[in-house]
Amino acid sequence: MKFSLMEPRYEAMNYRRCGRSGLLMSEISLGFWHNFGGTADYGTCRAIVEYAFDHGVTCYDLANNYGPPYGSAETTFGRIFRDSLQSHRDEMVITTKAGHDMWPGPYGEWGSRKSVMASLDQSLKRMGLDYVDIFYSHRPDPDTPIEETMQALADIVRSGKALYAGISKYPPEMAQRAYDYLKEARTPCLVYQGRYNMLDSTPEEHILPQAEKNGVGYVAFSPLAQGLLTDRYLNGIPEGSRMTRSRFLTPDVLTDDMLAGLRSLNEEAAASGLTLARYALKWILRRPEVTSVIVGASSVEQLADSLKAVL
Ligand SMILES: NC(=O)c1ccc[n+]([C@@H]2O[C@H](COP(=O)([O-])OP(=O)(O)OC[C@H]3O[C@@H](n4cnc5c(N)ncnc54)[C@H](OP(=O)(O)O)[C@@H]3O)[C@@H](O)[C@H]2O)c1
C-alpha cells in the first residue's frame, strides 16, 4: 500500500462545530458530483482523495446518482476507501443523499419512504460501508408528505445506517417543518446543504439565519460556482473543463458582464495576495453559520490551491 500518512495532517485544517451538535467538520469538504465517475482516471481520483485526507479534510460528500453513470462515484469512492483509507474510517465523515433521479420506475427518485430506504441500502453496498455519517434528503418532494420523508430519515438514524440526518435545497418553509419534525422525533437535523457563493448569496436572506436559530449547521456546495470563481474561464474555455462536458455548466453563462465581473474579482483577489478560488472560499467561510464548504476538483493541483484558503 503506497498511502503514507503525512503528519500532522490535522494541523493543516480548521474544524467547525456543525450547528448545536457534537460533530466537528473540516472547513473544506471534498465533493464527488463531478470528476469521480466511471470514465474518470482512477489514479487521479485516488490521488485527489489521498491528498485531501493527508491535508486534514475529514468530510467526503457523495450522492446516489453522482457519476456518470449514476452510482459510479460511490463505486469509485468505495474502491479508494478499500485501497487507502479503510483503517481510517473513524477519522472520516462520509455523506450520501437520495432524492434526485437514480433508477427507473416510480421508486427511483423523490422522497417516499420506499425510495429513500432502498437508495441508502444501494449506496452502502456501492461504497462497501456499514453506515454513512450523514444521510441527506437531496431535494424537497412537493408530492410526498414531508412527515413521511422525515420519518424515513429518523428511522434510518435509529437503525444505525446513518449517524445524522440532513436536508438539501429545501425552501425555508419546508426546512422549518423538517427541523420541527426531526426535533420531535429526537433525531435533530444536523445540517442544511445549499448553494452559496460570491455569485449567489441568497442563503443570507433566510436559510443561514434560520439554520442558526434551529441549531442546524450549514454546508455550502458549488462554492466556486463550478469553476467560474477561479482562473479557469478568465481567458476562454479550456479543453476538458466542466464547461465542455457537463450540462450543469454551459458556455452561455460566460456573458461579457459575467467575464468583466470575474476579472474584477480576480484583481481584488490578487491585491490580497490570493488566487480567485481562495478568495471565493474565504468569502464564504467569513460567515460563522457556515460549517464547511464542499469543493470539487479535477486535479490535485486545484485541490491544493483551494485548501490554502484555510491558512
Ligand atoms: N446538494 C446538492 O444538490 C449539490 C449540488 C451541487 C453540488 N453538491 C456538492 O458540492 C460539491 C462541490 O460542487 P462543485 O463541484 O460544483 O464545486 P465547485 O468547487 O464550485 O467547482 C468545482 C470545479 O471548479 C474547478 N476548480 C476547482 N478548484 C479549482 C481551482 N483551485 N482552480 C481552478 N479551477 C478549480 C474544477 O473545474 P474543472 O472540472 O473544469 O477542472 C472543479 O471541478 C459536489 O461535488 C457535491 O458534493 C451538492
(message) Take Leu24 and Tyr10, extend 7 Å from each Cα along the Cα→Cβ direction, and tell me the distance between the two endpoints in nm.
(response) 0.6
(request) Using DSSP to define loop residues, name the trypsin sites (Lys or Arg not before Pro) in region 46-92 whose beta-carbon has at most 10 other beta-carbon atoms within 10 Å. (result) none
(message) Positive end of the dipole of the chain, charges at C-beta (+1 Lys, Arg; -1 Asp, Glu), about the Cα centre: which of Leu311, Ile237, Pro8 has its Cα farthest in that direction?
(response) Pro8
(message) Take Arg247 and Asp200, extend 7 Å from each Cα along the Cα→Cβ direction, and tell me the distance between the two endpoints in nm.
(response) 1.7
(message) In whole Hz and in residue order, list the ³J(HN,Hα) couplings for region 252-262 that follow from phi through the Karplus curve 6.51 cos²θ - 1.76 cosθ + 1.60, θ = phi - 60°; x for Gly and Pro.
(response) 5, 6, 7, 6, 4, 5, 4, 4, 4, x, 5
(message) Quick one: 3J(HN,Hα) in Hz for region 187-202, Karplus 6.51/-1.76/1.60 with θ = phi - 60°, rounded, Gly and Pro as x.
(response) 10, x, 5, 6, 8, 10, 10, x, 6, 7, 7, 4, 9, 8, 9, 4
(message) On alpha carbon coordinates alone, what is the Rg over Rh value for region 123-171, Rh being the Kirkwood radius?
(response) 1.00
(message) Rounded, prolate or oblate, given the Cα gyration tensor of region 1-92, with a/c below 1.5 counting as rounded?
(response) oblate
(message) With +1 on the Cβ of every Lys and Arg and -1 on the Cβ of every Asp and Glu, and nothing else charged, how large is the dipole of region 101-189 about its Cα centre, in debye rounded to the nearest 20?
(response) 240
(request) Among the chymotrypsin sites (Phe, Trp or Tyr not before Pro) in region 208-311, which ones are in a DSSP loop with at most 11 other Cβ atoms within 10 Å of the Cβ? Mind listing them? (result) Phe248
(message) So if I place +1 on the C-beta of Lys and Arg and -1 on the C-beta of Asp and Glu, and nothing else carries charge, what would the dipole magnitude of region 195-311 be about its Cα centre? I want it in debye, nearest 20.
(response) 340
(request) State to the nearest 20 debye the size of the charge dipole of the chain about its Cα centre, where the only charges are +1 on K and R beta carbons and -1 on D and E beta carbons. (result) 540
(message) Using the Karplus curve 6.51 cos²θ - 1.76 cosθ + 1.60 with θ = phi - 60°, what ³J(HN,Hα) values do you get for each residue of region 58-64, in whole Hz, with x for Gly and Pro?
(response) 9, 10, 10, 10, 10, 8, 3
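Read-outs throughout are calculated quantities, based only on the coordinates presented, and are distinct from any laboratory measurement. Fair warning: this is a prediction, and the values are worked out from it, not measured in the lab. Neighbour counts run over all protein chains shown; Cβ positions are idealised from the backbone, glycine included.
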